[in-house]
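Enquirer: There's a structure below that I have some questions on.
The values are calculated or read from the model by the stated rules, or taken from the named source; none is laboratory data. It should be emphasised that the depicted structure is a prediction, and the values quoted were computed from it without experimental measurement. With ideal geometry, Cβ positions are generated from the backbone for all residues, glycine too; neighbour counts draw on all protein chains shown. Surface accessibility is based on the protein's heavy atoms, side chains included, excluding ligands, DNA and RNA. Shrake-Rupley method; radii C 1.70, N 1.55, O 1.52, S 1.80 Å.
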Amino acid sequence: MPDGQEVGVVDRSAAERTARTARALTDPTRMQILSLIVSSPDGRALVGQLADRLLLRQPTVSHHVRVMVDEGVLDRHKEGRVVWYSVRPDRLPQVLDLLHGAAPAGNDESVLDRIADDLALRFEGVFSPETVSRYVRESYELLASEAGITKYLPSLTGRFAAERLRALARAERDEDAGVPEVLFVCVQNAGRSQIASAILRFLAGDGVEVRTAGSAPAADVNPTIVRVLDEIGVPLAGEFPKPLTDEVVRASDYVITMGCGDACPVYPGKTYLDWDLPDPVGKGIDEVRLIRDDISIRVRALLAEMGFPSRVNAR
């Protein structure tokens, strides 16, 4: 070890406490909250201010802030009828290191600027250029840090940012796509959710808006998933693992989880389903085929529930 130091074995309670703190700090929404607090003129912020800047609902921001208070990352200061939040002084170095590591590398700045400019034209009249630029940079950071994506990162950033902005338009601006919107969420967004989304897109075409996300996304889709989909003539269409973000949940009519626990925030007026399916990771091709066929049956039942009965018996 450096300088002759030795690291002792960490006891279980300390390890769990450290892991909880790490999760509290590395959630993408919490990172945004921390960055806004740290960059504010006096190093503190109100929940309402944070919600307005992030285009989120106050209960969502309150939840994330409460987690960070409970984990000792933020201090809570009540002044009259308002409550201010600031980073605890002893945690500030850790927070600054985390935020610095999330910033895009300098040689990518020009690419991100171009993506932001192009998307600002696409969403002109819907979002300001500043909002588009913020979503582009955040999408880059999420794909690079949460999913560990390195290959084709700029082009995937453009796709991910555009998808999030479209979802945000519906969630915050009441933009009605005129079709049901379905979100599939699993752990890695590399197996079950990709199978379900591919089959639903293939069967429903433009009749359903389909999105996927992962609570802990992988860097690539499992190659076995591509193979078993190809066996039934269903294309994956260049999909890739994406982190779960708030706006895609809010834009969805149906939120279908597969083994990711309570990772999805719950909003009223949506249909939440949990499909109890085995994880394809580490399984042989025959087992993955069984998972695929199980998902296919569930997707057809979902289509029937959404009013597409003619698709149920399609082969």
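Enquirer: Using θ = phi - 60° and the Karplus relation 6.51 cos²θ - 1.76 cosθ + 1.60, list the HN-Hα couplings for region 238-244 in order, rounded to whole Hz, with x at every Gly or Pro.
Expert: Ordered by residue, 3J(HN,Hα) equals x, 5, 8, x, 9, x, 6 Hz.
Enquirer: Could you work out how far the C-alpha centroid of region 251-290 sits from that of region 206-234, in angstrom?
Expert: Region 251-290 and region 206-234 have Cα centres separated by 12 Å.
Enquirer: Quick one: among A213, A171, A263, which has the greatest mean-square fluctuation in a GNM of the chain with alpha-carbon springs under 10 angstrom?
Expert: A263
Enquirer: What's the longest piece of the chain with no exposed GluC sites (Glu not before Pro), counting a site as exposed if DSSP puts it in a loop and it has at most 11 other beta carbons within 10 Å?
Expert: The answer is 125-315.
Enquirer: To continue, here is another question. For A218, what charge total do you get from the other residues with a beta carbon under 11 Å from its beta carbon, if Lys and Arg give +1 and Asp and Glu give -1?
Expert: Result for the local shell: -1.
Enquirer: Additional query: Can you tell me the relative contact order of region 111-239? Whole percent, Cα pairs under 8 Å, sequence separation 6 or more.
Expert: 21
Enquirer: Let me ask you something else. Rounded if a/c is under 1.5, else prolate if a/b beats b/c, else oblate: with a ≥ b ≥ c from the C-alpha gyration tensor eigenvalues square-rooted, which is region 129-263?
Expert: Taking the square roots of the gyration eigenvalues as a ≥ b ≥ c, region 129-263 is oblate.
Enquirer: Relative contact order for the chain: what is it in percent, counting Cα pairs under 8 Å that are at least 6 residues apart?
Expert: In percent, rounded to a whole number, it is 13.
Enquirer: Contour minus end-to-end for S40 and L236, with contour as 0.36 nm per residue of separation and end-to-end as the Cα-Cα distance?
Expert: 66.3 nm
Enquirer: Please work out the average accessible area per residue across the chain, using the 1.4 Å probe convention, and give it in Å².
Expert: Dividing the accessible area of the chain by its residue count gives 51 Å².
Enquirer: Here's another thing I want to ask about it. Ignoring ligands, DNA and RNA, how do D230, D27, D246 rank by accessible area with a 1.4 Å probe, largest first?
Expert: D230, D27, D246
Enquirer: Given a 1.4 angstrom probe, I'd like the percentage of the accessible area of the chain that is carbon and sulfur, rounded to a whole number.
Expert: 50
Enquirer: Based on DSSP, what percent of beta bridges with both residues in the chain are antiparallel, to the nearest 5?
Expert: About 35 percent, rounded to the nearest 5.
Enquirer: Same structure again: Output needed: percent of Cα pairs per 10 Å distance bin for the chain, bins running from 0 to the one holding the longest distance.
Expert: For the chain, the binned pair fractions read 5, 24, 32, 24, 12, 3, 0, 0 percent.
Enquirer: What does the charge add up to near S155, with Lys and Arg as +1, Asp and Glu as -1, over the other residues with Cβ less than 14 Å from its Cβ?
Expert: Residues close to S155 contribute a combined charge of 0.
Enquirer: Please identify the trypsin sites (Lys or Arg not before Pro) of region 124-158 that satisfy two criteria: DSSP loop assignment and at most 14 other Cβ atoms within 10 Å. Which are they?
Expert: Of the trypsin sites (Lys or Arg not before Pro), the ones in loops of region 124-158 whose Cβ has at most 14 other Cβ atoms within 10 Å are K151.
Enquirer: Which of the aspartates and glutamates could be linked to K151 by a straight reach, that is with a Cα gap under 16 Å, when you skip same-chain ones fewer than 8 residues away?
Expert: Candidates past the 8-residue exclusion: D108, E141, D220, E239.
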